[in-house]
Amino acid sequence: MAHLPKPQLLEPIFHHLALPPQLPERQENNLDKIGEALADRLLCASIALRDATYEQFGPCFDAVRRVILTAKTINAGGKLNQISLLKAFRELQGNDLLIVHVAEQNAALLIRRFQDASGWQILFEAFETSPLSEVLTTKAALKWDFPGCAAAVPLSTFENDSFQQELAIFLSQASKESIKRFAARTNKAGSFAYESRDTVDPSLITSMLMTLLEVNGSRKFPPILRKRVDNQRANSREQITYDYMFAKLRPRFSKIIKKVSVHIELAWTSFKQTLNRPVPALPKLANLRHLQLTLPNSRNYIQQVQIDARNSLHASNYQKARPEFDLASPAVQQARAFAKRYFDLADLEETQIGSLYDGNTYQERCIILAAHINTYMKHVGNSYESQPEQLSTMLLIIMELWMEMDKAATVVFSLLLDFSPMFPSHIMDVLQLADFHDMTRLQTVRFYLDDRQNARKGNQTIFDNPSPISGKNALLNEMKELFNTITTNVDRARGRKEVEWEEKCREFEELNRTIAESSCQYTEDEFEGKIHNKHCKKFFLERRAYRFTMRIHEHPLPLNTSHAKAVVFELSIPKAFQDYRDATWRVISTLAFAEIAEEQKPHVLLHEYSELQKFMRARSSQICLASTSKSFLNTHYANPRFPVDIEGITLRCGLKLEYFDNGSKSWIGRSIQKLSFRHHCKLILPVDSPFSMFLSMPEFEADSNGPSSYATIASQTKLPPNANIQEYLSYQTLYSRKARRWPQILIELGSTNLNFSTESASLLMNHLALKVGPANGCDPFGVVHGIFRDQLFSGRLLEHLSHRVESISSNYREAVCMEAMTTLTIRLWSLNVTLSGQAAVLLERIREITLKWINGLRTELQLATNAESSRTFSRYALWAALLCRQTFVIYLDTKHDLSLVSLTSYIQSSKTLQDNLVSETATLPLLLNSALIRDLKTIHHLRYVLKKSLDENPHCLITAICSILPGLGGGTENVFSHHQFEETWWLKIKISANANRLSQTVHFHILEGILLIEGQPVGKLPAEYRKAFVLSQLFGNQSLLAYPSSVPSMSFMLALNMKGHEIHLGLRRDQLVIRALAQQTTLELIPDRVFQGPSSFDLPSSLVKDCVHWLDLNTGIIEIRQHPHIWKMKHSNWKIDMRSRQARRNGPNGVSLVDPHSSLFQRVAGMFNYFEHPAHLTVVSY
């Protein structure tokens, strides 16, 4: 028997035999060993079949064994052995078959004897072992005929020693040498290289050898073998029916059911008889001992509560441990995370504007400004996504930085003036700027871009592929030395490679000569066949010759002169120019392109190319040269097998170089498109708006002129469902013709065409009011906003805005409409100096209205009974707070402090903003989210004015806090001590202690509105409090806000007042404690669970279920209040006096409760045994 294959061969053998779905991605490098292992398995199988069927088929399987053994011998090692072939030719018998695999020629031969009319002949059948790649393009690619061709020679000719000798030599050499004439070739970078991965043409065997055989014999046409695939289907089986079985079982089921019915009836009759019981007589009056409650489950708990209360009711007897509070703690930072993000951006934007003139030399300025552009864009990230107003501010800052960088770069590299700056001045028309000062800054950028465009000498840019600037002598003079160094180095390397090739050729010829003069060594295996000795010297030399290769030489510079100069320029590019180019392209690719399609990755970057790395003098950057094709050194052409000529060793540069952006992973030459900022400043409408259809129309693009009047009238047939025709036409009219935009807005304010209460209308108004529009000479107002110089128009606009504001002043649900009115009023205040005072008065009126909304919504939130109502009121409160804070924009351009009333309004609105701000701001509507971000940046610009005003009037903070949290510190009667600022923006105030209250420290963040009491924000309760079931019993689904309590032994106080009750929470031995303070009374909630034991109860369920038990810590009386009147004391409520331990309910017919553990109660409960549980019985005595 043959030896089992080595473990590492098991998986490859499985792949070749089973052809599983997941095959290796490449050809194995040990095909000869795999073939031998497969032959051994076939030999084992043939021997087993021969021995098992010896009498009938034994000779047949023995012939198969001989064929396989002979094939293994003559194909040993994947090569044909001349000596083995000669021996096989001479021993060929009538039933024998020779399998000859000429691997290097992609061919195989079957050689056998046969007899026809002319006598015995030797038949040669030729096969193509693997199809050529062209076969995959044919329609019959799955059909393959065997054999491809056949020829026969007479037996006498075949037995000729000279014939056999020449045939053996031919086949042996053909199996070892790769004939390059028949190998596949490919044209790569102007050079023809051998494609070793493609299939070899078998013409050397199927054409040349078979033709020679036909000359010595004749052509034959044996039967053709063709494999076809057929699908087979199996017949379905009949289903089995069970009707017969059910017919047999049905009578048995009927008898069983009758017997069961009789048994159930008898059992029921017996049970009813046991229910009849006697009713004993009860006494007319209960004994006093029966009225005294034993309270075995709750007595100890209640007594301990009273003891703890006596020890902690007075602040003088209680000192709460308070750790030092850190304003930079994670808890505070988490609350500030969202606001801090935009405060940091506002800080950074102010820094960028202040850095326009950094740097001593022009080169330093260029490098510094490029770094500022990259830093700013990196920090912004996606913070301004879907925020056109904020994106416009960002674009203005970036273009200002680029303008100053370009000024410095053109001084250092004067040739830049010949090239287009790529940014046209009208690219800035789509920006949305709310401040007139920003419009003047934009005008400066426009002028500079126009001057740069007029100074250029053509339409060339520095990003043309390859860059023309690399061919300029002025920039290339310093790089000639590097170019000459590279050329000299390449010539020397090529010379050394040619000498190496000559030595390799001589070594290969000597190796082939040694192989021809040596002979193979054989050993016999268990099948009585001869196989190669594993130590055969000739076999070792043949494998060495097969693997004889040489590393190629590739020229590092492209053949094209412009490309070669560009390569040298990139190797030593000046840092200032490199940073300028990277920053410019980053602005273009990131901001001026709507999108960049994903493209093919480069095969190699210039700074990673091994042949040029030692010449690299500049650092790698975002923009670099990269190749769309592989270097020959990184392909299968890198190590060609011998024999090979010198042209196959010394190749041209295989790189096809283009400019590549490492940041966006795109090819610059293929990515150039029309530059525009319109995708950042486009009109945004809610997706559920019937007018969202406008967003897909080109007339509503940010840089379009809008639909014409004719198109507007003609579009009436396209009216979307659920839309008003007047509003539909008004949307289009407002967007048409930039010069008449503001007159049309005035018309709509005076009409009822637009529904200003919808988010869509407010978004449209904001978009139109803030868009800068095209330039109008030197006028910073431009074509759109020049009408604000007309006092008559501005006066009418103010009048209509005032009317709209007053009409919605009593309805907090009109927050969206108020947003549009506020934006238009601020625009009037900014653009018309004459009427700015009257516009400021209107903004103050808006502040009064929104503050009134805030106070009303705070009450609604406290009274909300379900989560949906709370979310709705909270959303409107957030809107009102943002609108109130937005009116403080009038203090941006003034040095005056805020008035006392304004300061109080600001604190109240800021606190409301923080209380109602959701953690996931991305879930907010588009308009509300935009208003929130705009508010944060506006307040940040006001930070110094606010700080100065609060420092001079700290009592405003006291007044505002007490109006929001009336129970703070026990009320306004407490004394507030000194104030101070901590960490710049935190205002700290100390509340003094009194007989019943502890002292408290209050921190207020003047920008974000965060209010901290004892270092804790007024927010949600901790998790260990929120999970308490009793809170849902008392407050339902209300969203409970809380802050640290000033009551001894209590931790938190709820930020709501329940019908005159202050609610304080704490923990006692890890259990929640709830106290309610009303006037001079302190009540503590006794939980329901204490009245119930494992097997007993203290009170009947009627006094526990849906009831709340308040213990008066001063009198020791427990009042039992029923839902929903748990916050109201009633004369008719049950009261338990813990001193006498009696429960009584007052009223016209006052009654006392019988103790559930008394004998009287047990007698009454016995009458209801098995009918009602004793806990559900309430026994009273009149």
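The values are calculated or read from the model by the stated rules, or taken from the named source; none is laboratory data. The model shown is predicted, which means the values in this text are computed figures rather than measured ones. Reconstructed Cβ throughout: ideal geometry from the backbone, glycine too, with neighbour counts over all protein chains shown. Note: areas computed on protein heavy atoms with side chains; ligands, DNA, RNA excluded. Shrake-Rupley method; radii C 1.70, N 1.55, O 1.52, S 1.80 Å.
Miscellaneous remarks
- Between residue 608 and residue 737, the C-beta separation translates, for a Förster distance of 60 Å, into a calculated FRET efficiency of about 0.65.
- Label zone of residue 562 (point 7 Å out along Cα→Cβ, amide N under 20 Å): in segment 632-667 this covers 653-661, 667.
- Relative contact order (%) - the chain, alpha-carbon pairs under 8 angstrom, separation at least six: 9 percent
- Segment residue 793..residue 115, full-extension length gain: 232.5 nm, with 0.36 nm per residue of separation and the alpha-carbon distance subtracted.
- Approximating the spin labels as points 7 Å out from Cα along Cα→Cβ, the residue 444-to-residue 779 distance works out to 2.3 nm.
- Cβ-Cβ FRET estimate between residue 599 and residue 1167, R0 fixed at 56 Å, reported to 0.05: 0.05
- Dipole magnitude of the chain about its Cα centre (Cβ charges: Lys, Arg +1; Asp, Glu -1), debye to nearest 20: 3860 debye
- Furthest towards positive pole of dipole, 1079, 1182, 279, structure part the chain, Cβ charges: 279
- With each label modelled as a point 7 angstrom along the Cα→C-beta vector, the residue 130-residue 1028 pair spans 7.9 nm.
- Protection proxy ranking for 852-859, 457-464, 1023-1030, using the average of other Cβ atoms within 10 Å per residue and placing the highest first: 852-859, 457-464, 1023-1030.
- For segment 550-574, backbone nitrogen atoms closer than 19 Å to the point 7 Å from residue 506 Cα along Cα-to-C-beta are found at 550-551.
- R0 of 22 Å, Cβ-Cβ distance residue 518-residue 547: FRET efficiency to nearest 0.05: 0.80
- Residues in segment 400-415 carry Karplus couplings, in order, of 5, 5, 5, 4, 5, 5, 5, 4, 5, 5, 6, 6, 6, 10, 5, 5 Hz; the curve used is 6.51 cos²θ - 1.76 cosθ + 1.60 with θ = phi - 60°, and Gly or Pro positions show x.
- Peptide packing for 838-846, 882-890 was compared via the average number of neighbouring C-beta atoms within 10 Å per residue; ordered from the highest value, the list is 882-890, 838-846.
- Gain in span if fully extended, residue 1176 to residue 900, counting 0.36 nm per residue against the direct Cα distance: 93.2 nm
- Between segment 946-963 and segment 864-912, the Cα center-to-center distance that results, in Å: 15 Å
- With the simple spin-label model, which puts each label point 7 Å out from Cα in the Cβ direction, the residue 1141 to residue 590 separation comes to 7.8 nm.
- Here the accessible area is traced with a 1.4 Å probe on the protein chains. For the chain, carbon and sulfur cover 53 percent of it.
- Sorted peptide list for 1007-1014, 674-681, 614-621, criterion being average Cβ within 10 angstrom, highest first: 1007-1014, 674-681, 614-621
- Residue-normalised accessible area of the chain, given per residue in Å² at a 1.4 Å probe: 52 Å²
- Net charge dipole size for segment 615-733 [Lys, Arg +1 and Asp, Glu -1 on Cβ; Debye, nearest 20]: 640 debye
- √(5λ) per eigenvalue of the Cα gyration tensor, the chain, largest first, Å: 86, 58, 30
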